[in-house]
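Undergrad: My questions all concern the structure below.
The values are calculated or read from the model by the stated rules, or taken from the named source; none is laboratory data. Being a predicted model, the structure only gives us computed values, none of them experimental. Quick reminder, even Gly has a Cβ in these numbers, built from the backbone with ideal geometry, and neighbours come from all protein chains shown. Accessible surface is based on the protein model in full, side chains and every heavy atom, while ligands, DNA and RNA are left aside. Shrake-Rupley method; radii C 1.70, N 1.55, O 1.52, S 1.80 Å.
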Amino acid sequence: MLIYIVEDDDNIRELEAFAMKNSGYDTECFASSKEFYKAIIKAVPDLILLDIMLPGDDGLAILKKLRDDPAAEKIPVIIISAKTTELDRVKGLDLGADDYLCKPFGVMELVSRVKARLRGKNQSNEYRYAEILLNEDTRKVFISGRQTELTYKEFELLKTLIKSPGKALTRDYLIDTIWGQESTGRSLDVHIRTLRGKLGEYGKYIKTVRNVGYKLDKDE
């Protein structure tokens, strides 16, 4: 799982990154809102550790933008801040933070809170890959925050791919999973082509794996 750390204090940022990596999480660290905004366009994290007092947009401004973006509104956010009054904590939680941890904090407590939020996230039926957001419950798909209409089969195809990012899925597996005995490989190829078109610039992430099938992968 990928965790973004947005913290301008070098020592605290390194401590948080060390704690997350020791707990088995991948991390990317940012010292300002500008760096963070560039990164989240490319890849949506599973959780964000967010400081409030930052250069550029502060943490509360970042949080508000996240909660106003359909592609990012469900990302768990834990605020970690030296602003420790009850009013500060309430303001952060009211803006949509999932948790609020005051500095100085204990590393074990930080890890425990992160694990708790990720457990809750794993119970969700929402899947994200780059700027693609798929909600299995509502059967809605958003591309860069804008809803995209898919047919039933296109939705099922994208859902199957997005649940196994980076993994090459065989043609037989995709046909059996989505069509059963109803179809042949021709239908799969047609739906791959139309799905790529509806995903716009992100359609290139659906890669053809020669002599195997297809996979969802943003790496070249």
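Undergrad: For segment 155-170, in order, what is each residue's ³J(HN,Hα) by Karplus, 6.51 cos²θ - 1.76 cosθ + 1.60 with θ = phi - 60°, in whole Hz (x at glycine and Pro)?
TA: Calculated HN-Hα couplings, in order: 4, 4, 5, 4, 4, 5, 6, 6, 6, 10, x, x, 9, 6, 9, 6 Hz.
Undergrad: Still on this structure, I have one more. Once the piece of chain linking LYS198 and THR138 is laid out straight, how much longer is it, given 0.36 nm per residue of separation minus the C-alpha distance between them?
TA: 19.8 nm
Undergrad: I would also like to ask the following. Roughly how much of MET1 is accessible, in Å² to the nearest 10, using a 1.4 Å probe?
TA: The value for MET1 is about 80 Å².
Undergrad: Remind me, relative contact order of segment 1-86 in percent, using alpha carbon pairs under 8 angstrom and six or more residues apart?
TA: Relative contact order comes out at 31 percent.
Undergrad: For segment 136-220, what does the accessible surface come to per residue with a 1.4 Å probe? Please give it in Å².
TA: That works out to 59 Å² for each residue.
Undergrad: Could you give the nm distance between label points at LEU15 and CYS102, where each point is 7 Å from its Cα heading toward the beta carbon?
TA: For LEU15 paired with CYS102, the spin-label model returns 1.5 nm.
Undergrad: Let me ask something else about it. Could you do me a favour and compute the accessible area per residue for segment 1-134, 1.4 Å probe, result in Å²?
TA: 48
Undergrad: In nm, to one decimal, how far is the modelled label at MET1 from the one at GLU109, with both set 7 Å along Cα→Cβ?
TA: Taking the simple label geometry, MET1 and GLU109 are separated by 2.0 nm.
Undergrad: Express as a percent, rounded to the nearest 5, the fraction of DSSP beta bridges in the chain (both residues included) that run antiparallel.
TA: Counting only bridges with both partners in the chain, antiparallel ones make up about 50 percent.
Undergrad: Of the cross-linked pairs LYS34/LYS74; LYS65/LYS167; LYS140/LYS204; LYS115/LYS153; LYS42/LYS159, which ones have a Cα-Cα span greater than 26 Å in the structure shown?
TA: Over 26 Å apart, Cα to Cα: LYS65/LYS167; LYS115/LYS153.
Undergrad: Carbon and sulfur together cover what percent of the accessible area of the chain at a 1.4 Å probe radius?
TA: 48
Undergrad: For VAL209, which sequence-distant residues (separation of 5 or more, or a different chain) have an amide H within less than 5 Å of its own amide H, given hydrogens modelled in the peptide plane?
TA: TYR214, LYS215
Undergrad: Could I ask something else about it? Expressed as a whole percent, how much of the Cα-Cα distance distribution for segment 54-198 exceeds 29 Å?
TA: 35
Undergrad: Evaluate the relative contact order of the chain (contact order divided by residue number), counting alpha-carbon pairs under 8 angstrom at least 6 apart; express in whole percent.
TA: After rounding, I find 14 percent.
Undergrad: Which aspartates and glutamates does LYS64 reach when only Cα atoms under 12 Å apart count, and residues fewer than 8 places away in its own chain are ignored?
TA: GLU73, ASP94
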